[in-house]
Amino acid sequence: MRDVLDRIRRAGRPPFHTLTAQQARAAYAAAAEVLDLPRAPLARVEDFRIPAADGYLLGARLYAPSHARLPVLLFLHGGGFVIGGLETHDSLCRQFALHSGAAVVALDYRLAPEYRFPVAVDDSWAAMHWLALHADTLGLDASRLAVGGDSAGGTLAASCALHARDSGLALALQLLITPGTAASADTPSHETFANGYLLDAPSIAWFFDHYIDRAQRADWRFAPLDADDFEGVAPACLVLAECDPLVDEGLAYGDSLRAAGVGVQLELVRGVTHDFIKMGRAVGAARSAQAVCAAALREALAA
């Protein structure tokens with residue numbers, strides 16, 4: 001991990017907070033899969049559209065290791081609600097499909113600042129409900145549905161799980177990888193890992209400011225840790241990075257779920273930073289964590 005950070009520093013990439021949103025998207029897209037595993041071949045990789053609540057057609061991509069009627073994971077990509085998309089997380093989604101035996105549907109939800117909070121939340125909820133009703137049109141099993149994501153996508157996945165509970169939709173699992181869960185960047189880990197650990201404090205502030213007004217940040221759809229209660233939400237597989245500004249709020253979220261009687265599998269991966277899950281080519285812990293995620297999906301979605 002230290003070697004990866006050294007290589008990133010030597011590359012001299014400008015921090016996201018020094019760029020416009022469009023420049024940051026281009027920079028992230030160019031570098032996002034450099035450290036990822038090669039894109040694994042799968043039986044099905046298909047692009048399609050899912051309607052948002054307002055009728056906007058959202059891009060989506062289906063990954064499936066076979067043509068069988070498989071259970072499905074709705075995957076929501078990271079990127080601070082501002083950057084990222086189907087291409088930046090293609091390798092990761094292929095790994096999850098390959099090793100879990102489930103289908104993965106990745107969603108290209110709308111990004112800030114063009115679409116500010118709660119558009120990304122609404123798009124994620126709409127896709128989750130669409131899959132519950134229409135997965136059969138893709139040859140998939142809607143009765144075995146999970147939701148997951150990394151970073152900001154983990155935040156959206158946690159929000160989806162809470163909304164699913166409230167709307168009576170049964171989910172088999174919420175897969176939360178280094179999620180943000182709190183309204184404020186004020187935990188000790190935000191201070192300890194503020195600079196030099198890939199995701200820095202100025203960039204977190206930049207993402208937040210692009211996405212959401214300060215007056216809205218206590219809304220549980222942005223900060224799931226502020227939800228009124230967690231009883232009855234889907235069981236969670238929570239994968240956290242030790243050297244991540246977000247690790248404390250991830251641990252707090254796992255504690256809140258457990259206190260409400262929700263099953264939690266917690267994996268605290270030592271010696272790695274935020275976004276490590278996408279570094280399978282360079283960091284062995286990424287491959288191990290991907291295997292943990294795949295096993296959790298396989299178990300939760302078993303017939």
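Every number here is computed from the coordinates shown, using simple stated rules; none is lab data. A quick note: this is a predicted structure, and the numbers were derived from the prediction, not measured. FYI the Cβ positions are ideal-geometry reconstructions off the backbone, even for glycines, and counts take in every protein chain you see.
Phi angles of the stretch 79-89 translate, via the Karplus equation with coefficients 6.51, -1.76, 1.60 and θ = phi - 60°, into HN-Hα couplings of x, x, 6, 10, 10, x, x, 5, 6, 5, 10 Hz per residue; Gly and Pro are given as x. Sparsely packed loop sites in the stretch 216-277 (the GluC sites (Glu not before Pro) outside DSSP H, G, I, E and B with at most 15 other Cβ atoms within 10 Å) comprise Glu231. Only one item in (1) 0.91; (2) 1.28; (3) 1.12 matches Cα Rg over 2.2 N^0.38 Å derived from the coordinates shown, and that item is (1).
The distance from the alpha carbon centre of the stretch 70-97 to that of the stretch 111-176 is 12 Å, rounded to a whole number. Using a Förster distance of 41 Å, how high is the FRET efficiency between Ala27 and Ser143, based on the Cβ-Cβ distance and rounded to 0.05? Given R0 = 41 Å and the Cβ-Cβ separation, E is 0.50. If the chain linking Arg10 and Glu46 were pulled fully straight, counting 0.36 nm for each residue of separation and taking away their Cα-Cα distance, it would gain 9.2 nm.
Packing, taken as the mean count of other beta carbons within 10 Å per residue, orders the peptides 126-138, 65-77, 150-162 from highest to lowest as 150-162, 65-77, 126-138.
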